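Undergrad: Have a look at the structure that comes next, please.
The values are calculated or read from the model by the stated rules, or taken from the named source; none is laboratory data. Since this is a predicted model, take the numbers as computed values, not measurements. We place every Cβ from the backbone using ideal geometry, glycine too, and count neighbours over all the protein chains shown. These area figures cover heavy atoms from the full protein model, side chains too; ligands, DNA and RNA do not enter into them. Shrake-Rupley method; radii C 1.70, N 1.55, O 1.52, S 1.80 Å.
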Amino acid sequence: MINTTKLKSMMTFIYSKLKDIKYTDFMICVLISFVMTFVLEALGRHSIPLAFSFMIYHVGFFVSNFSIILCTITLCLFFKRRYFALSLVLLLWLGLGVTNCIILTYRNTPLAAVDFSIVKSALDIMNAYVKSIQIISICSMVLVAVVVIVLVLKYAPKKKPNFFSASLYMAISVIV
């Protein structure tokens, strides 16, 4: 038998927690995930129209990619410095997307796990494929990214995480 008073108190507790949730946090995560998924598709296809085409004609794959990115972005809601964590996650995704775009330009196969194990040997032959001005621009972009991350760490506001809502959002993103 289910104790109705316990069930009622549990439902009241859940309702009070759901009422306090700020839905904007999750909506911002969804929007950022959608934009990042589209940007990564455009980088991978070297074309914005082809990314739109992929989004329309391959909805299942697009939603799958979107949900993976959404899961990583909703992890940021568990941190007090969520904007810093969000910056790191977005920088990681963007870095992987740009790397994939560059690799697709040279060899027509996407970035794979094996590419990370051969980074040292790739650095030895990098001069044959990349010009010195490109190396300088890559280094300057990395420097700008580090400066932005440090500025976000220093000046972004701290916000106490709501672990209940963050867990709920994470569960929703995993279900998607």
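Undergrad: Nearest 20 debye, what's the magnitude of the dipole of the chain about its Cα centre given +1 on Lys and Arg Cβ and -1 on Asp and Glu Cβ?
TA: In debye, rounded to 20, the chain gives about 840.
Undergrad: Just to make sure I understand: if all protein chains stay in place, what is the order of Met126, Met141 by accessible area at 1.4 Å, largest first?
TA: Greatest to least solvent exposure: Met141, Met126.
Undergrad: Quick one: in the stretch 96-176, what % of C-alpha pairs are over 14 Å apart?
TA: 79
Undergrad: Could you tell me what percent of the accessible area of the stretch 88-176 is made up of carbon and sulfur, with a 1.4 Å probe and every protein chain present?
TA: Carbon and sulfur together cover 75 percent of it.
Undergrad: Go through Leu75, Ala128, Ala42 and say which Cα lies farthest out towards the positive end of the charge dipole of the chain; charges sit on Cβ, +1 for Lys and Arg, -1 for Asp and Glu.
TA: The Cα lying farthest towards the positive end belongs to Leu75.
Undergrad: If you roll a 1.4 Å probe over the heavy atoms of the protein chains, what accessible area per residue do you get for the stretch 25-95, in Å²?
TA: 54
Undergrad: Another one. Sorted by mean Cβ packing within 10 Å, highest first, what order do the peptides 147-160, 43-56, 70-83 take?
TA: Descending mean neighbour count gives 70-83, 43-56, 147-160.
Undergrad: Which shape class applies to the stretch 86-142: rounded if a/c is under 1.5, otherwise prolate when a/b exceeds b/c and oblate if not, where a ≥ b ≥ c are the square roots of the Cα gyration tensor eigenvalues?
TA: It comes out oblate by the Cα gyration axes.
Undergrad: Of the listed peptides 62-69, 107-114, what is their order by residue-averaged count of other C-beta atoms within 10 Å, with the highest listed first?
TA: 62-69, 107-114
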